[in-house]
Amino acid sequence: MAVDAADATAHASCLDRLDTRTRVVVAVILVLALVNLKSWTLLGLALLLGLGLTGLAGVSARQTARRLLHIEGFLLILFIALPLLTRLPPFIEIGPLSLSLPGLERAITLVLRISAAALVVLPLVSGLTPIRLGHALGRLGLPARLVQVFLFAIRYIELLRAEARRLHDAMRLRGFVPGTNVHTMRSYGHFIGQLLVRAVERAERVNEAMRCRGFAGRFPLVTLERFGIVDLGTAGLAGLLVVGALLVDRL
């Protein structure tokens, strides 16, 4: 997250002119449209749209490739497994392997959909700081409790990770070497228990500190962003693209 924030700061992009709510809504609309497209031609054009958005966001090709690496690794497994596991004719015989042609077509469609969705979402959302994104979700009308959980999770996941590292380092300093035995299972059980206890204690301290500062159950959503003509034009253009693509796909 720190790397993404630094990248967003280093690259002033055209997308930074948009209200955060516009970026979130456009990303959701485009993803919902992509999961309903069946035409490989339209999905290929969506890939080009995603690449164009990465350029507008000021994200380099190296950064895009790094962020997509894990997604494409999963898609490679899907691309190999789906034609082998689908039992719908006709089949393509390649040596001892029997590949289902409908399964291969579904695999290609899924790969195109997910890749296009990732390329669209990454430049629109990943450049946002977690606090900015959380405030935008609150201003969009999401339940306050859900927004609070999101903001707290972003803040305290890293703290819990640091606490887990300290506990793991303490175990190593005491000579702990993991293995496939009862001692290892018992040690990891104590490790998880200690982590949960410390997490609860930290949560209690944070709750007391916030109540002492007058926290009334809601975070103030402070922002200088305003929905303007550029946001209206962007949302309208995205709507036209979605409607046009869905109509062409159904023809």
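Across segment 83-115, what is the number of residues that are open to solvent by less than 40 Å² (accessible area, probe 1.4 Å) and under 29 Å from Thr54 (Cβ atoms)? Looking only at that region, the number is 5. Going by the conditions given, is Phe74 over 18 Å from Leu43 (Cα atoms) and aromatic (Phe, Trp, Tyr)? Against the criterion (over 18 Å from Leu43 (Cα atoms) and aromatic (Phe, Trp, Tyr)), Phe74 qualifies. Selection within segment 200-249: residues that are among the polar types (S, T, N, Q) and in a helix (DSSP H, G or I). The member of this set that is most open to solvent (accessible area, probe 1.4 Å) is Asn207. For segment 74-89, a residue qualifies if it is modelled with pLDDT under 80 and in contact with a helix residue (DSSP H, G or I) (Cβ under 7 Å, 6 or more places away or on another chain), and exactly one does: Leu88. If you scan segment 186-232, which residues turn out to be basic (Lys, Arg), over 21 Å from Ala144 (Cβ atoms) and touching a residue at least 12 places away in the same chain (Cβ under 8 Å)? Correct list: Arg198, Arg202, Arg226. Every condition in (1) touching a helix residue (DSSP H, G or I) at 6+ places or on another chain (Cβ under 9 Å); (2) on the phi < 0 side of the Ramachandran plot is met by Glu93 except one, and the failing one is (1).
For segment 151-190, filtering for residues that are outside any helix (DSSP H, G or I) and of a type in the set (A, V, I, L, M, F, W, C) leaves 2. Looking only at residues in segment 116-173 that are of a type in the set (Asp, Glu) and open to solvent by 30 Å² or more (accessible area, probe 1.4 Å), the one that is nearest to Gln63 (Cα to Cα) is Glu158.
Residues are listed down the side, and each one gets a yes or a no for (1) closer than 22 Å to Asp16 by Cβ; (2) within 24 Å of the chain's Cα centre (by Cα):
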position	(1), (2)
Gly214	no, no
Leu221	yes, yes
Arg226	yes, no
Val242	no, yes
Val248	no, no
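Taken together, Ser126, Ser100 contain a single residue that is small (Gly, Ala, Ser), at pLDDT below 85 and within 26 Å of the chain's Cα centre (by Cα), which is Ser126. Residue count for segment 41-73 under the criterion of being outside any helix (DSSP H, G or I) and either at pLDDT 80 or above or open to solvent by 30 Å² or more (accessible area, probe 1.4 Å) (or both): the result is 2.
The values are calculated or read from the model by the stated rules, or taken from the named source; none is laboratory data. It should be emphasised that the depicted structure is a prediction, and the values quoted were computed from it without experimental measurement. Neighbour counts are summed over all protein chains in view; Cβ atoms, including those assigned to glycine, are modelled from backbone coordinates with ideal geometry. Heads up: the accessible areas ignore ligands, DNA and RNA and are worked out on the full protein's heavy atoms, side chains in. Shrake-Rupley method; radii C 1.70, N 1.55, O 1.52, S 1.80 Å.
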